[in-house]
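Right, one structure below, let's go through it.
The values are calculated or read from the model by the stated rules, or taken from the named source; none is laboratory data. Just so it is clear, the structure is predicted and the values come from calculations on it, not from any experiment. Here the Cβ positions follow ideal geometry from the backbone for every residue, glycine too, while neighbour counts run over all protein chains shown.
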Amino acid sequence: MSKPIILSILVVLLFLSSCTYHNEETEYPTPAGCDTLNMSYTNDILPIFKSNGCAGCHGSSSTTKLNSYTNTKISVDNGSLLGSINHKSGFRPMPDFSPKINQCSIDQITAWINDGAFDN
């Protein structure tokens, strides 16, 4: 075979092998039994912060406060809350020096934010 034909075949194979479809719902499914409907700041989100030790470090003396709705909303609005709990690049991973909080809690916080992050 000539070199141009071999090169053409390699380019086509490379192109075909690079085509993929990513579906977030299938690749990162919500864990079974994780209720993310109608999340409430008072009943769902604040208890997540308390049970994971967030409120202890992020109280009234911290620069990032998660001890009230008003303070939490600041971190929601600037994107740092989701960036930090998801350990995204460019954000300080939280909890500090620990693995991420459980995926269900992250999904619940995300759902609350996606639903408007209301004070309810």
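What the table shows:
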{"item": "Given (1) surrounded by fewer than 17 Cβ atoms within 10 Å (Cβ to Cβ); (2) of a type in the set (D, E, K, R); (3) within 20 Å of Leu37 (Cβ to Cβ), index of the condition Asp77 fails", "result": "(3)"}
{"item": "Residue in segment 53-68 that is modelled with the highest pLDDT, counting only those that are crowded, with 17+ Cβ neighbours inside 10 Å and assigned to a helix (DSSP H, G or I)", "result": "Cys54"}
{"item": "Close pairs from segment 81-96: first in contact (Cβ under 8 Å) with a residue 24 or more places away in the chain, partner surrounded by fewer than 16 Cβ atoms within 10 Å (Cβ to Cβ) and of a type in the set (D, E, K, R), Cβ under 9 Å, at least 6 apart", "result": "Leu82/Lys88; Ile85/Lys100; Met94/Lys100"}
{"item": "Selected residue [more than 24 Å from Asn120 (Cα to Cα) and either at pLDDT below 80 or more than 17 Å from the chain's Cα centre (by Cα) (or both)] from Lys50, Lys3", "result": "Lys3"}
{"item": "Some residue of segment 99-116 being assigned to a loop (DSSP other than H, G, I, E, B), over 17 Å from Cys34 (Cβ atoms) and modelled with pLDDT of 95 or more", "result": "yes"}
{"item": "Segment 13-47, residues that are outside any loop (DSSP other than H, G, I, E, B) and either touching a Phe, Trp or Tyr at 6+ places or on another chain (Cβ under 9 Å) or modelled with pLDDT of 80 or more (or both)", "result": "Tyr41, Thr42, Asn43, Asp44, Ile45, Leu46, Pro47"}
